[in-house]
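What follows is a single structure, written as structure tokens, with notes after it.
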Amino acid sequence: MGVETPGSQSSLHRANLERVVRAVRMAGSLTQAEIARTTGLSAATVSNIVRELKEGGTVEVTPTSAGGRRARSVSLSGDAGLVVGVDFGHTHLRVAVGNLAHQVLAEESEPLDVDASAAQGLDRAERLVSRLIADTGSSADKVIGVGLGVPGPIDVGSGVLGSTAILPGWAGTNPRDELASRLGVPVHVDNDANLGALGELVWGAGRGVADLAYIKVASGVGAGLVISGQIYRGPGGTAGEIGHITLDESGPVCRCGNRGCLETFTAARYVLPLLHSSHGTDLTVERMVRLASEGDPGCRRVVADVGRHIGSGVANLCNLLNPSRVLLGGHLAEAGDLVLNPIRESVARYAIPSAAGQLSVMPGALGGRAEVLGALALVLSEMGDAPLLDGVGAAGVAAQG
């Protein structure tokens, strides 16, 4: 067997195979013309590579249409493996199982006690993952990787979860390594806002947008930032902590120790008490939004105020990063224009005109599924192409020789 050297015909062919597989893996499915545009390869090269990958069982090709013309859609084989997404929230655990063609095969959500320890939560996740894999008719040995979302800052190097007031029993743990040891497969972990951004980028309202921010307002406030098509995490993994932008130095004390952070004017535990005397102490964000949509004046006022405060934070993002789209996630997004219009008004007031004029503000398309679908997309982005190309490539090189 000859040695493959950089610049050789075999290494170039392998690189082209990987470019095509990566493009299809990240998009879910592409026509051959779209593959050529995405990879920069010629149409003839793409056609030859797709034929080779199909013969090797790596991709499936199905007839479709594009622009009124017949085309061929290329996706990774449904038999190539499974990916799993696990999303831990303030009150829920959601798990999804999908294949490499971006098809969700099974998905389920169940309540989670916020006071549960990390071990208890991971026990629940392990059982739910096993049950959903069985529901697909497949087996655990088909799982290539797991994406894990948690509501707190993650050290990207160590995988350790930092201080979190949302799941207090998890601070200082390493959920990535814990879940990997339980499931026996690689686990990739990120915070919920980043995964919401990734989910919308791959599956939802962010498709085709290179620069965007996903804002999630729930028990805390966070932003997932996409720059040039990639999630930006920062060297310590804490980029996007928009909730700790200072709005009022004399405002309420935040859990971070500062005063008047955006979070103290928008997060559920600060906002809902404003309505307790009139609406009861069992009020939730979901119910507040529903009542606002039905015309309740108190709830409408609070939702609008929250929107204006979020807009101040978004204006800062516009001035710094100049995104073309901001997506609002979480239950608050269900208020529609009741919250979006005040956000837009604040952006128009506080952002520089050139940045505000290029920005669109809209709700995310995935709702409560954004984070778990982002966890699936995280695996697809991190898994690499080598396992998919075993046994593929030699025939193509020989044919060209």
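So, in the stretch 132-149, how many residues would count as being more than 21 Å from Asp79 (Cβ to Cβ) and without any contact (Cβ under 8 Å) to a residue 12 or more places away in the chain? Counting residues in the stretch 132-149 that are more than 21 Å from Asp79 (Cβ to Cβ) and without any contact (Cβ under 8 Å) to a residue 12 or more places away in the chain gives 0. Would you call Arg22 surrounded by fewer than 19 Cβ atoms within 10 Å (Cβ to Cβ) and closer than 17 Å to His102 by Cα? Here the answer is yes, as Arg22 does meet what is asked. Here the stretch 129-164 is the region considered, the condition is being in a loop (DSSP other than H, G, I, E, B) and touching a helix residue (DSSP H, G or I) at 6+ places or on another chain (Cβ under 8 Å), and the residue that is surrounded by the most Cβ atoms within 10 Å (Cβ to Cβ) is Pro151. Taking Leu122, is it in contact with a Leu (Cβ under 7 Å, 6 or more places away or on another chain) and in a helix (DSSP H, G or I)? So Leu122 passes the test.
Among the criteria (1) in contact with a Ser or Thr (Cβ under 6 Å, 6 or more places away or on another chain); (2) in the same structural domain as Arg308 (by TED's automatic domain parsing), the one Leu212 does not fulfil is (1).
Specify which of the listed residues (Gly237, Gly222) is in a strand (DSSP E or B), in contact with a strand residue (DSSP E or B) (Cβ under 7 Å, 6 or more places away or on another chain) and closer than 25 Å to Ile154 by Cβ. Unique residue meeting the criteria: Gly222. Counted as qualifying within the stretch 3-107 are the strands (runs of 3 or more DSSP E) with 3 or more residues that are among the hydrophobic types (A, V, I, L, M, F, W, C), namely 59-66, 69-76, 82-88, 92-99.
All conditions but one from (1) in contact (Cβ under 8 Å) with a residue 12 or more places away in the chain; (2) closer than 22 Å to His331 by Cβ; (3) among the hydroxyl-bearing types (Ser, Thr, Tyr) apply to Thr281; the one that does not is (1).
Restricting attention to the stretch 325-371 and to residues that are in a loop (DSSP other than H, G, I, E, B), of a type outside the set (A, V, I, L, M, F, W, C) and out of contact with any Ser or Thr (no Cβ under 9 Å at 6 or more places or on another chain), the residue that is modelled with the highest pLDDT turns out to be Gly364.
Restricting attention to the stretch 288-311, the residues that are of a type in the set (D, E, K, R), over 24 Å from Thr246 (Cα atoms) and crowded, with 17+ Cβ neighbours inside 10 Å total 2.
The values are calculated or read from the model by the stated rules, or taken from the named source; none is laboratory data. This is a predicted model, so every value here is computed, not measured. Because the Cβ atoms are built from the backbone with ideal geometry, glycine has one as well, and the counts that use them run over all protein chains shown.
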